[in-house]
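The values are calculated or read from the model by the stated rules, or taken from the named source; none is laboratory data. Since we're looking at a predicted model, the values are computed, not measured. Note that each Cβ is placed from the backbone with ideal geometry, even for glycine, and that neighbours are counted across all protein chains shown.
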Amino acid sequence: MISYETMTGTVTLSKEYLAKLIGQAVTSCFGVAGMMPNGRKQRILSLFSKKDSIEKGITVTGNADHINVVLHIVVTYGMNINAIAKSIVHKVKYVVAETTGIEVRKVTVKVDGIKE
């Protein structure tokens, strides 16, 4: 949970909300074929879940001043991975800053697969 005070009260954001927000931004980027689960817990949950969870493969750490994001993605075959990663970093920083007002200090993009 990330909480911060405003003039009108306290704002509390869950890490699940941030993961879904970031997941929607990442999957809308050109060249991203999907997200890859990271960690044992997400892999086991993806085996039993029928639907494709948008927040899988996303790790958010930090506080109300700034956050760090780690992404595990699958890219489309034949695409420029460097261009895809730059696009993802720019879009994640923009979407999180515009929606929540929290600065994204670091976005780490890990390509875990290629889909044809």
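Of all residues in segment 76-116, those satisfying the criterion of being in a strand (DSSP E or B), more than 16 Å from the chain's Cα centre (by Cα) and not hydrophobic (A, V, I, L, M, F, W, C) are Thr76, Gly113, Lys115.
The residues of segment 3-41 that are assigned to a strand (DSSP E or B) and either of a type outside the set (Gly, Ala, Ser) or touching a Leu at 6+ places or on another chain (Cβ under 7 Å) (or both), listed by number, are Tyr4, Glu5, Thr10, Val11, Thr12, Leu13, Val32, Met35.
For segment 36-46, check the following and say yes or no: at least one residue is modelled with pLDDT of 85 or more and surrounded by 13 or more Cβ atoms within 10 Å (Cβ to Cβ). Looking for residues that are modelled with pLDDT of 85 or more and surrounded by 13 or more Cβ atoms within 10 Å (Cβ to Cβ), one finds at least one in segment 36-46, hence yes.
Of the listed requirements (1) charged (D, E, K, R); (2) surrounded by 13 or more Cβ atoms within 10 Å (Cβ to Cβ); (3) modelled with pLDDT under 90, Lys51 misses just one: (2).
Collect the residues in segment 57-80 that are loosely packed, with under 14 Cβ neighbours inside 10 Å and either of a type outside the set (Ser, Thr, Tyr) or farther than 20 Å from Glu116 by Cα (or both), keeping them in residue-number order. Of everything in segment 57-80, those that are loosely packed, with under 14 Cβ neighbours inside 10 Å and either of a type outside the set (Ser, Thr, Tyr) or farther than 20 Å from Glu116 by Cα (or both) turn out to be Thr61, Asn63, Asp65, His66, Asn68, Gly78, Asn80.
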